[in-house]
Every structure is written in C-alpha cells, then in structure tokens.
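Written out below as structure tokens is the structure these notes cover.
The values are calculated or read from the model by the stated rules, or taken from the named source; none is laboratory data. Source: prediction; values computed, not measured. For neighbour counting, all protein chains shown are included, and Cβ atoms are generated from backbone atoms with ideal geometry for every residue, glycine included. Side chains included, ligands, DNA and RNA excluded: accessible areas come from the protein's heavy atoms. Shrake-Rupley method; radii C 1.70, N 1.55, O 1.52, S 1.80 Å.
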Amino acid sequence: MNFSALVSITGGEVLCQAFDGPLSFLITDSRKPLVHEGALFIAMVGERHDGHDYIRSLYERGVRQFLVERNFPVNNYPQANILKVPSSLQALQQFTAHHRSKFSIPVIGITGSNGKTIVKEWLFQLLGQEFNIIKNPGSYNSQLGVPLSVWQMQNHHQLGIFEAGVSAPDEMEKLERIIQPTLGVFTTIGPAHDENFPDWHLKIEEKLKLFKHTDKLIYCADHEPIAKAVKSSKLKGVSWGFSSSADIVVSKQNDLYFFNDGNGVAEIHFPFSDAASIENASHCVAVMLVLQYDYRTIQQRIHLLRSVPMRLELKEGLHQSQLVDDTYNNDLAGLQMSLEFLKNQQQKNGRVVVLSDILQSGLNDEVLVKRIADLINSSRLEHFIGIGPAISRHKDFFQVPSSFFLSTEAFLNALDSQRFHQQIILVKGARSFQFERIVKQLQKKVHGTVMEVNLGALVHNLNFFRSQLKPETKLMVMVKAFAYGSGSVEVANLLQFHKVNYLGVAYADEGVELRQHNITLPIMVMNPSPAGFQSMLEYNLEPEVYSSQLLQELVDYLQGRSLGIHIKLDTGMHRLGFDENDLDELIKLLKDNPNLHIKSIFSHLAGSDESTHDQFSEQQYHQFIALAGRMTQHLVISPPLHILNTSGILRFPSWQLDMVRLGIGLYGSNPTGGEKKLRPVLSLKTVISQVKNIKQGVSVGYGRRGVAERDMKLATIAIGYADGYNRAFSRGVGKVMVSGKLAPVVGNVCMDMTMVDITEIDAHEGDEVMIFGEDLPVEVLAQSINTIPYEILTNTSERVKRVFVAEGI
C-alpha cells in the first residue's frame, strides 16, 4: 500500500504530499519510532498525551509520512506526506481492513472474557508445524492492537490467529471487519467490563458479532449462556463439552480425557491440572478436530503444550527481598494469574501480597472483595496488605495475617521495609493507586545500569529447543556463570517450574546458592574440587568426575557414603575427561566403590558449531559411544548418555541419545549462525548521566585518547569496565544505541563511565541507552572486539541490577 492508496481508502484530506511512498511500518508510540522510508506515524489523542505534539521530533528523526486529526503548519514539513482524517483510529481500522481483504488465507478469530491469549498462543504452538502463522503479539486484542496485528499479514502467511476483546457495545463489528475470521472460538463469558453492558446476554451478543461470517464457531456446550445464544443465532456452531448433546462429547477417566467427535475418540493427557488450563486446551483440541487432524497428532502435540508466561517484572528488593512488579493492571482474572506466578516463586522464605481495590469490575464491593478474599485466603501468604476504601471496608473477609490502608499515601507513611526480610512481595494495583511508588520504595537502590531479562523470551527459546528433541530425550540446562549473566536463581526457578530434568553449574558454590533458594532439581557441578566435597554431600550436588586423581580423592573423602556422580570422557576436546587409556583404572575404581552412583556419562563436542569440523565431530561421537559402551558393559549399568550442547542440538539431531545440554541457546544466541528462531533474552541498558558540548580539538577521557575532530555533543553514560563493558570498546570501536541511532565511544572506557558522541542525535540527560539487546544484538558487539557472545554476557558484573520481565498474557 502506498500513500495515494491510503488517501483513497480513508477519504482523508491531503495537507501536503511530497512523494507517493510505500507504507510498511506503523508507528503509534512516538517513543519507539521505526525510522524507515515506509514508516507512517498515526497521531492519536489520548487521555494524557497528544500524538500531534511529537510530529516535529519524529520528522527530525526521519519519519516522513503522517496521519493526523487536526491542521498544523505544514510549511515546516516540506518533505512530508500528511493526511488529515476525522479519526486516526478509525482510519487505521479502515486501511488495515482493506489490507486484510487482499488475503484469502484461513483465519481463526478468538474472543471471550478469559483465555483468549492462552488459546491463541497454544494454537500457535499446535498448528505451527503445518502453517506459517500470523498472530497478535502478546495481548494486542483491542481497537488499536488488532489493526496493528493484522497489518503484519504478508503473502508468506498461511494462517492467521487473532484474538479480539471488547469493553463496550458496538466495538466488535469494527474488529470483525479487520480480522475477517473464517473459523471462530468463543472461550468463556465472565464479569470483565460488566459495567458497560446491561446483562451478560447483550455482552455475548456483542462478542458473537466477531463470527457473523465464519464457516464454523467452536464453543463449550457446558457454558449455557453461550450455548443458548449460539443456538438461537444463525451461526454454524461446533460444540464440545461433557454434555451428551455436544457435537464433541468429552468424558474423563482418572487423568485421561476422551474427545468423541462421532468419527472416533481422541485420548488426551493434558500436561496441566488446573481447570482453566484444561478448558483452554480443550478449545484447542476441538479446533484441531475441526481442522481434521488425526487423533495421534492431537495427542502428541497437546502433551507438549507449554505454559504461556505472564508480563510481570521480578526485581531485587531491600533486605534480601524480591518484588513481583505487577502494577500495570488489576482485575480478578489477572489477580489469580499473578498469585499463581507468586506461588511458583520458591526462592524466598515467605510471600506477601500488596493489593489495591479492583476498579470497574461491574460487581458491588461486597461481592468483589469476597472473591478477592477467597483467592488470597487460599494462597498461603505470610501477610496480605490491602489498600483502598472498598477492600478496607470488608477486611473481615480475609483470614490470613493482614493490614489495611485507605490510600497508597497512608501505606507509604507507615512503611517499614525491614518487615519484608527475605520475602517475595507481589505488588499489584489499579493504575490510579500509583503502586509504582511502592515499588520504588521497596526496590534495592543501584545505579542506572540494568540487565533486563525477558523471561517470556527465555520460555520461547526453551520451548523451541524442546521442540527439536525426541519425546524421550531429557534436558539439562546450564546455569553456570550467573546463568550467562542473567541471574542464576531466578532462571533456575523458572526452569524448575517448566520441569527441565537437570541443571548444570560450574562450581559447588553456585549449586549451594540454588539449593538455599529452594531449587530441588538435580544439579551437576562441572568443575568440582576437594574443597567443595562437603558442600556437594550436604546439598545433594552431583560432581562431574574427569580424572582418576579426582575420583580417588572423592572416594577417600566419602568413606563409603553415597553420592551421585557424572563421568566425563575426553573424546577430542582435550580439556577435561578420562582418555581411552584411563578406562580400565576408572572401571576398577567404580567397581570397588558401589557407593558412587553414576548419574550419567558424557563428553563434549569441540566444533559442533561449524560444518568444517563435522568429520571430527562424527569421530568424537562414535568414540564416545564406544567408550561409554565399554563402561556400561563392564559395570552392568545403563545411565543416561549425552554429548550434545546447544549447537549440537541444532545440527546433529540423531545424536541426542538420552539427554542434551542446553547452554547459551536458552539465552537467545545461536552459535551456529543459522536461521534466527530464537528470541534475545538479555538487554543491557544504562542512562545518560550528563550531556556537554565540546569544541573541535578538545581531548576526552584518561590519557587524552579521545580527541574531538569537530564541535561535538558528548554524552557520559553510566557504564564502564567495572560493569563488564570491555575497554576494547574504547576509541570508536564500541557503539551504543541512543534514541534508535548508533553513538560511537569517544576516548577510553572508564571504570564506571563511558563517553559517546551524540552530535547527530536528539538525546538528553536521563535518556535510556542500549548497550545490547533486540535492536543491537550481542553478537554484533562480540564481533567488533573479536570475541564471542559468551564473554560479553558472562562479563556483565553482578553489581548491574537484573530486572526480570515476564510477558505474554
């Protein structure tokens, strides 16, 4: 689509047109512009911000096409295309609906009060092997989010999966015109946005408008209001449920569910136990049956479903506490999910919830607070803190130790942060309560440099690697070196929740820390030493044994006490491990010491990331099979065997054996340099401490190694080599991203600070600076100083605050 087509579709008034350019990228947030020749900024007026106020700065940054709602002095924009419409949002919906109409692919439309995002994400997981799928990112299901999502539809897409949400009457028809679904899913009906609908019947009728042109609509027959409304409509429904009148009849025996669609029975074992997940997954089963998947495929894929992570931030708090920052919204459904997330955080000794009144629920206060209390009372909390007049009025509903305050201000005035020592605190509140002030008070104070760890991306990568494995192959994940810089305890806790089989650490101290934070998974210690034997025995850690000397020292220390160990064989890495000549002595020692339980036998590929070493890798593999075979035969054992690391998983799927070891791939880096299916997990960010203008010829930094070749605007950023920003980035080698543009380092990197050239960049003190992340990959930094991403990530100092972001719901 080009600018002239936009004019034709919307019927807008052209204020100025310098060229007839293509429209490729849509910008609605002026803070995150994608400066591209095809970028279109859509200026909208919100409650707190007016997009028109940012047109000038966007123009100066290179944006040349604008959709606006009001007149302004266009003479100041000689190179721009500017189109005026009565409503930018309506115009956006118009031209994205036109864009959608150019594609004839099937589209699944999903709506309902709860479960939309989960069903969408699970269908994406389930159907992704057959279809190239376009879907909403995250929860982009609103009047703005849906058109932005559908705009991404391109010729290579084979299936669309879009969720749609409404909060008031007369909204769904607009979304239906944009999504144009061919197959529908109606998940549930609940109290969300009740305040805008006289009754549930009208709310159901509004949601059903999404499906007026669908071939089939899938719904649960056990939800009587939905079933009644579908049957009284002209829609072609396909129902599932425990009712015998359902089109797909469901029955249950023990942990198995049976779906009878009249042609046969699909026997399903869900990898979840909670009712909401089973219902959401059942919608997915029904979709797959309607799409005529065979029963075996449905069974296999449902069993591999993975949890959809939540958009929360996990932050380090004062007094060894931890904060779950969920201050972005507050509703009953969200509260339940947040409490479940809190329950799964095992790394602290007690749990506390700080919660505000829930606003605009459509329920009267007494009923609402009673429901809140039911959730809180069943959550095993050390303490509950309720803030707001409604929750305080009905405090007698709460049966856990509780405190109540009428306002955020009252709570802050009474706050004693020491009461939260070694506890994990969920802070969740409606925006009007400004709970970010509470987070600020409870969060540990450090300098402005942070490592942002995207747990949603980490889960995505974990699921990707799992999808590469055979069902019987176990997974060990390496969390050594502070989990490649991301934070061992938090990552280990997430991996434990997602049921990986093993964790790997470098030293015993790392394993002890995990045990002290309630990590119960088996842990292999890869670099054990006699000094750590006592800790390994006390904390049930399993050492890698790589030499006869180390094995004998361990035997002498144990004095017959039992311990699990992992045998490392050297097949060509020549770093650690038993050689072929050592095997007879090793076998004898193990036979003589039956208190040593061999948990696995493994080796390490030296060049699995490069095809030039494939012949050598194959030699290693076959040598490992031979050596491990000798051991298992003589010892009459059958422990798990493993040789593949991240790159091996990607390149040698036939060598998976019993287990694989996932390392840097979990964090988003592909050492093979192959197709990028991984999401970056880590982003290192800092801030501008000071901006100053210097004259040409002036020197900058220690040793006067930087010299201004022109009059220059210089920014000092709050990161240095003590934070892990290598001195090799000095004197223009390193570049950071400021306001979407690269700024080179000037002079030498200092211990705590670095100077960069922002002469051509509109930036100010306090602005964010990206060191590496999604828009500036860590691989690019590594290449610039002739190193590898491993070094960049693991060198990031522990003094840099880690902020854990969980997103997706």
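For Asn693 and Glu791, the FRET efficiency from 1/(1 + (r/R0)^6), where r spans their Cβ atoms and R0 equals 45 Å, is about 0.80. About its Cα centre, the dipole of region 735-809 is roughly 260 debye, where the only charges are +1 on Lys and Arg Cβ and -1 on Asp and Glu Cβ.
Computed over region 389-457, relative contact order equals 24 percent, with contacts defined as Cα pairs under 8 Å that lie 6+ residues apart.
Averaged over its residues, the chain has an accessible area of 44 Å² per residue, based on protein heavy atoms and a 1.4 Å probe. Restriction of the trypsin sites (Lys or Arg not before Pro) in region 766-809 to DSSP coil positions whose beta-carbon has at most 13 other beta-carbons within 10 angstrom yields Arg799. When the residues Ile105, Ile637 are ordered by accessible surface, computed with a 1.4 Å probe over the protein chains alone, the sequence from largest down reads Ile637, Ile105.
Kirkwood-type hydrodynamic radius, region 1-137: 16.7 Å, calculated from all non-identical alpha-carbon pairs. Largest to smallest in accessible area, the residues Tyr721, Tyr557 fall in the order Tyr721, Tyr557 (1.4 Å probe, all protein chains included). Taken over region 81-188, the percentage of Cα pairs per 10 Å bin, counting from 0 up to the bin with the maximum distance, is 15, 50, 28, 6, 1. Its Cα centre serving as origin, the chain has a Cβ charge dipole (Lys and Arg +1, Asp and Glu -1) of approximately 780 debye.
The mean sequence separation of alpha-carbon pairs under 8 Å and at least six residues apart, normalised by the residue count of the chain, gives a relative contact order of 9 percent. If you sort the three axes of the alpha carbon gyration tensor as a ≥ b ≥ c, you get a/c of 1.5 or more for region 143-243 and a/b no higher than b/c, which makes it oblate. Ordered by solvent-accessible area of protein heavy atoms (1.4 Å probe), largest first, the residues Lys252, Lys480, Lys207, Lys470 come out as Lys252, Lys470, Lys480, Lys207. Around the Cα centre of region 235-284, unit charges on the Cβ atoms of Lys, Arg, Asp and Glu (plus for the first two, minus for the last two) sum to a dipole of about 140 debye.
Across region 565-707, the relative contact order, built from alpha-carbon pairs under 8 Å that are at least six residues apart, equals 17 percent.
Protection proxy ranking of 259-268, 787-796, by the mean of other Cβ atoms within 10 Å over each peptide's residues and highest first, is 787-796, 259-268. Apply the a/c threshold of 1.5 to the C-alpha gyration tensor of region 500-646 and tell me whether it is rounded, prolate or oblate. Cα axes put region 500-646 in the oblate bin. The accessible surface of the chain, taken with every protein chain in place and a 1.4 Å probe, is 47 percent carbon and sulfur.
Given [x] 29.2, 90; [y] 29.8, 97; [z] 27.8, 95 as candidate values of Rg and Dmax of the Cα atoms in Å, which corresponds to the one derived from the coordinates? Answer label, from the structure shown: [x].
Can you give me the distance in nm between label points at Gln399 and Val74, each placed 7 Å from the Cα along the Cα-to-Cβ direction? The modelled label-to-label distance comes out at 6.8 nm. Legend: residue pairs Lys209/Lys231; Lys343/Lys499; Lys348/Lys370, Cα-Cα distance threshold 25 Å; pairs beyond threshold, Lys348/Lys370. Each peptide in 211-218, 172-179 gets a packing score, the mean of other Cβ atoms within 10 Å over its residues, and the list from highest to lowest is 172-179, 211-218.
How far apart, in nanometres, would the label points at His303 and Arg704 be if each is projected 7 angstrom from Cα along the Cα-to-Cβ direction? Rounded to a tenth, the inter-label distance reads 7.3 nm. Give me the one-decimal nm value for the distance between modelled label points at His613 and Ser57, 7 Å along each residue's Cα-to-Cβ direction. Here the answer is 4.8 nm between the modelled labels.
Checking the Cα-Cα distances for Lys713/Lys801; Lys236/Lys677; Lys84/Lys428; Lys84/Lys735; Lys203/Lys440; Lys735/Lys801 against a 30 Å cut-off, the pairs over it are Lys236/Lys677; Lys84/Lys428; Lys84/Lys735; Lys203/Lys440.
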